[in-house]
Amino acid sequence: MEIIKIKNLSFTFEGREKAVLNNIDFNIKKGEFAVLYGPSGCGKTTLLRLIKKEMNPEGKISGSILYKGINISKLDKKTSASEIGYVMQNPDSQIITDKVWHEIAFGLESLGHNRDFIRRRTAEISSFFGINSWYRKETYKLSGGQKQLLNLAAVMAISPEVIILDEPVSQLDPFAARTFTSMIERLNRELGITVIMAEHNLENIFSIADSLTVIDIGKVIYSGAPVNCAEALSCNSKIIKGLPVYAQLHSMLKFNEPCPLNIREASNMIRKNFSNKIDAIEDKNNKINFENKIIELKNICFRYEKNGPDILYGLNMSVNKGEIYGIVGGNGSGKSTLLSVISGQNTPYSGKILITGKKIKSFSSISVLPQNPVTVFTGETIEEDFQWYANYLGMDKSDKRIKNLIYDFDLTEILKSHPYDLSGGECQKAAIAKILMKDPDIILLDEPTKGIDAWSKEKLIQILRNLAEGGKTIIIVTHDNEFAAETADRCALLFDREIISQDNTREFFSSNEFYTTCAKSMTRGFYKKAVTLKDIIDLYKANGGTL
């Protein structure tokens with residue numbers, strides 16, 4: 001039985017001529033785990049907001065969205081609020097109250113439930129979600145993973161029949177993302193909740209989704225079982241690049257067997273079809289000159305409040321000219337704080353920060369991409385914002401650098417848009433382009449791939465490599481291990497307030513068992529030091545395989 005039916009749906013934002021959705025048609029059955037996937041700006045978030053009446057964007061709509069046979073626009077407020085839940089991408093955007101218990105109870109209070117019912121339901125939800133130990137904690141003290149789990153718990157407290165999730169794990173570390181995804185699976189399998197999730201990173205949900213609907217340029221180009229997606233879209237390299245590594249591998253080599261849906265099946269496929277007489281990747285000479293240090297941190301200690309806990313303590317690290325340095329670690333480990341200290345936004349109470357060997361007061365040679373990219377913008381449109389910033393920098397608006405950045409990040413179609421009307425990926429790309437306009441010597445990027453599709457990510461990797469080859473020094477904070485493995489020269493793990501481990505990227509990820517890549521997990525015990533899809537393909541060829 002269909003719980004959501006979308007028929008001939010088209011939508012155009014107010015003030016735009018081009019439709020973001022074009023004649024969308026697909027259905028979602030009751031109890032289904034449905035995943036929406038597609039490039040940044042393809043219309044996924046817009047579609048989700050159109051299903052949730054209270055979040056409908058302003059614009060022109062045609063066609064219909066039916067919930068249990070009733071047009072969404074005609075649902076009464078209570079039904080829409082209580083039966084269709086919504087979890088946003090940014091964990092901080094949804095939290096309203098100051099205490100965990102009150103956040104869970106807030107929706108129930110708004111719906112008019114009595115005190116005894118609210119107490120019973122909050123206790124039940126807290127136990128189910130494992131929130132008991134931080135039930136009375138202040139919400140601002142939670143980690144990113146805890147905040148997102150709280151958002152989900154607060155939505156579930158009102159007993160929805162459908163949960164809509166817009167890239168809910170994009171800001172979570174790999175472990176928190178798996179925990180959150182496992183909870184979504186439990187809600188779907190144990191309680192029969194219908195799940196509609198938009199996601200760029202499909203690795204954790206490829207095997208548990210019932211259906212995968214692929215949207216590109218506002219149109220549905222595939223809707224069906226995930227196992228058939230790679231074969232059906234094999235001619236669309238842009239879409240294939242965003243599938244899990246094992247699905248990409250299967251598509252490239254066209255094995256006469258079903259596409260693997262998880263690491264275990266991928267590992268079996270490799271052992272069945274590959275040879276490992278040559279079992280290791282040969283490391284190339286490192287291009288980094290370790291004697292040319294640009295950034296040095298010595299015994300850095302930092303806390304936000306005088307009597308508060310240390311966020312960084314005794315931290316030491318150095319980054320070299322022309323190096324791309326990746327930093328990974330859990331939510332709340334201090335990665336963003338570290339970038340703020342390097343950029344001069346926060347001052348450590350102890351230790352030294354040296355830029356090109358000197359203590360400096362001006363950090364004008366540094367550009368920073370913040371965790372929330374929308375804060376980069378002040379103009380009414382992206383074009384207006386870029387023009388203002390160009391004038392501020394003393395650049396002519398026709399400067400080739402600006403034109404090249406607009407082209408490289410594929411921003412032409414969104415120049416007339418307000419920053420708040422952009423998808424997460426579009427906003428991220430525009431923000432990166434803006435901070436690069438200054439032509440900085442040092443570039444600090446906080447979660448640069450958040451919300452960005454695989455195609456754009458590939459372009460970003462090439463841009464960053466070109467910048468590094470031109471002598472720029474780049475530090476990347478990321479939860480995206482695949483991106484770090486393909487981009488960084490060295491990677492470091494931030495844990496317990498300090499850098500506890502760092503190495504060249506291949507050694508770093510091949511030595512790790514948990515903070516590692518899909519490629520490493522797929523080839524564990526079969527190949528050595530294979531940490532990217534390219535590594536696997538190279539070893540396949542080295543052992544006589546052909547594409």
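Can you give the convex hull volume per residue for the Cα atoms of the range 48-110, as a whole number of Å³?
Enclosed volume per residue, from the Cα hull, is 102 Å³.
Can you give me the three principal axis dimensions of the range 32-157 from its C-alpha atoms, in Å, biggest first?
46, 34, 27
Using DSSP, restrict attention to beta bridges with both residues in the chain and report what percent are antiparallel, rounded to the nearest 5.
That works out to approximately 55 percent antiparallel.
Per residue of the chain, what 222 nm ellipticity follows from adding -39500 (n - 2.57) for every DSSP H run with n ≥ 4, rounded to the nearest 500?
-10000 deg cm²/dmol
K77 versus D496, label points 7 Å from Cα toward the beta carbon: distance in nm?
Here the modelled spin labels are 5.3 nm apart.
List every residue whose amide H lies under 5 Å from the amide H of L165, counting only residues 5 or more places away in sequence or on a different chain, with H placed 1.01 Å from N in the peptide plane.
Excluding prolines and chain starts, which carry no amide H, the hits are V87, I196, M197, A198.
In what order, largest first, do V531, V374 sit by accessible area if the probe radius is 1.4 Å?
V374, V531
Ranked from highest to lowest mean number of other Cβ atoms within 10 Å per residue, what is the order of the peptides 58-71, 96-109?
Averaged packing, sorted descending, gives the order 96-109, 58-71.
Can you list the residues, at least 5 places off or on another chain, whose amide H is less than 5 Å from the amide H of I327, using H built in the peptide plane?
Close amide H contacts, sequence-distant or interchain: I476, V477, T478, A492.
Determine, for each peptide in 187-198, 131-142, 329-340, the mean count of other beta carbons within 10 angstrom over its residues, then list the peptides with the highest first.
So the peptides 187-198, 131-142, 329-340, ranked by packing, come out 329-340, 187-198, 131-142.
Given K53/K74; K141/K298; K18/K60; K238/K520; K5/K219, which pairs have Cα atoms separated by over 18 Å?
In this structure, K141/K298; K238/K520 lie more than 18 Å apart at Cα.
Can you give me the % of accessible surface on the range 90-194 that is carbon or sulfur? Probe 1.4 Å, all protein chains present, nothing else counted.
Looking at the range 90-194 in its full context, I get 49 percent from C and S.
Along the positive direction of the dipole of the chain (beta-carbon charges: Lys, Arg +1; Asp, Glu -1; about the Cα centre), which of L261, I382, I278 reaches farthest?
Towards the positive end, the residue furthest out is I278.
So which lysines pass the test for K254, namely a Cα distance under 17 Å, with those fewer than 8 places away in the same chain ruled out?
The qualifying lysines are K241, K272, K534, K541.
What is the distance, in nm, between label points placed 7 Å from the Cα along the Cα-to-Cβ direction at S182 and at N372?
3.1 nm
Sequence-distant or interchain residues sharing an amide H contact under 5 Å with L21, placed H: which?
The list, which skips near neighbours in sequence, is F11.
Under a point spin-label approximation (7 Å from Cα along Cα-to-Cβ), what is the Y135-M1 distance to one decimal in nm?
3.5 nm
Using every alpha carbon pair in the range 460-534, what percent of pairs falls into each 10 Å bin from 0 up to the bin containing the largest distance?
Whole-percent P(r) values from 0 Å outward: 18, 49, 28, 5.
In whole angstrom, note down how far apart the Cα centers of the range 74-95 and the range 103-146 are.
Each part reduced to its Cα centre gives a spacing of 16 Å.
From the phi of every residue in the range 158-165, what ³J(HN,Hα) in whole Hz does the Karplus formula 6.51 cos²θ - 1.76 cosθ + 1.60 yield, where θ is phi - 60° and glycine or proline is x?
Along the range 158-165, the couplings run 8, 6, x, 8, 10, 10, 9, 10 Hz.
Per residue of the range 524-533, in order, report the coupling 6.51 cos²θ - 1.76 cosθ + 1.60 (Karplus, θ = phi - 60°) as ³J(HN,Hα) in whole Hz, putting x for Gly and Pro.
Running phi through 6.51 cos²θ - 1.76 cosθ + 1.60 with θ = phi - 60° gives 4, x, 10, 10, 9, 6, 8, 10, 9, 4 Hz.
Per the 1.4 Å probe, what fraction of the accessible area of the range 375-476, in percent, lies on carbon and sulfur atoms?
46 percent
Is the chain best put as rounded, prolate or oblate by its Cα gyration tensor, with a ≥ b ≥ c the root eigenvalues, rounded for a/c under 1.5, and otherwise prolate when a/b is larger than b/c, oblate when not?
In terms of gyration-tensor shape, rounded.
Express the accessible area of the range 135-189 per residue in Å², computed with a 1.4 Å probe while the remaining protein chains stay in the model.
It amounts to 33 Å² per residue over the range 135-189.
The values are calculated or read from the model by the stated rules, or taken from the named source; none is laboratory data. Please read these numbers as outputs of a predicted model, since none were measured by experiment. Cβ: placed from backbone, ideal geometry, glycine included. Neighbour counts: every protein chain shown. Accessible surface areas use protein heavy atoms only, side chains included; no ligands, DNA or RNA. Shrake-Rupley method; radii C 1.70, N 1.55, O 1.52, S 1.80 Å.
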